[in-house]
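No lab work stands behind these numbers, since they all come straight from the coordinates. These numbers were taken from a predicted model, which means no experiment stands behind them. Note: ideal-geometry Cβ built from the backbone for every residue, glycine included; neighbour counts use all protein chains shown.
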């Protein structure tokens, strides 16, 4: 097994707790599914949210999915002019036999524009 990092991002239409939980949960589930990762392979997750998201910590979605025994960290994304708004990003570290070329990063909703080079 090797340590690998998987990136993902999504956006929400409005800053509500429900929107943060729903979008982040869908992103995490897609990241795990596309990379065939089991919860036991997770090392940690780092979440960032743009400054216009204040209703809930994105990590709360991981807890609601039953991911409660690994470190989770939330931080504020840099406020860069012209950047994607209401955006939640995830950096997930995992143990996997896959090499880097087999890792599938996941960008959903309005965050797709961040990585147009990746297949959906």
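For residue 71, state whether it is within 27 Å of residue 16 (Cβ to Cβ) and in contact with a strand residue (DSSP E or B) (Cβ under 9 Å, 6 or more places away or on another chain).
So residue 71 fits the description; yes.
Determine whether residue 63 is surrounded by fewer than 16 Cβ atoms within 10 Å (Cβ to Cβ) and in a helix (DSSP H, G or I).
Taking the combined requirement at face value, the residue satisfies it.
For the structure I just gave you, tell me whether residue 99 is at negative phi, surrounded by fewer than 12 Cβ atoms within 10 Å (Cβ to Cβ) and touching a strand residue (DSSP E or B) at 6+ places or on another chain (Cβ under 8 Å).
So residue 99 passes the test.
Taking segment 6-45 as the region of interest, how many residues are assigned to a strand (DSSP E or B) and in contact with a helix residue (DSSP H, G or I) (Cβ under 9 Å, 6 or more places away or on another chain)? Write out each step before concluding.
Residues of segment 6-45 assigned to a strand (DSSP E or B): 6-11, 42-45.
Restricting the remaining residues to those that are in contact with a helix residue (DSSP H, G or I) (Cβ under 9 Å, 6 or more places away or on another chain) gives 6-11, 42, 45.
Total satisfying the criteria: 8.
Could you check residue 85 against (1) touching a residue at least 60 places away in the same chain (Cβ under 8 Å); (2) within 18 Å of residue 1 (Cα to Cα) and say which number it fails?
Looking at each condition in turn, residue 85 falls short on (2).
How many residues, within segment 23-54, are loosely packed, with under 15 Cβ neighbours inside 10 Å and more than 26 Å from residue 102 (Cα to Cα)?
Qualifying residue count for the region: 3.
Looking only at segment 74-89, filter to residues that are touching a strand residue (DSSP E or B) at 6+ places or on another chain (Cβ under 6 Å) and assigned to a loop (DSSP other than H, G, I, E, B); which one of those is surrounded by the most Cβ atoms within 10 Å (Cβ to Cβ)?
By that ranking, first place goes to 86.
In contact with a strand residue (DSSP E or B) (Cβ under 6 Å, 6 or more places away or on another chain), outside any helix (DSSP H, G or I) and over 30 Å from residue 97 (Cβ atoms): does that describe residue 57?
Yes, satisfied.
Here are some conditions: (1) under 24 Å from residue 14 (Cβ atoms); (2) part of a strand (DSSP E or B). Residue 92 meets all but one. Which one does it not meet?
(1)
Which residues, taken from segment 1-18, are more than 24 Å from residue 81 (Cβ to Cβ) and more than 13 Å from the chain's Cα centre (by Cα)?
1, 2, 3, 4, 16, 17, 18
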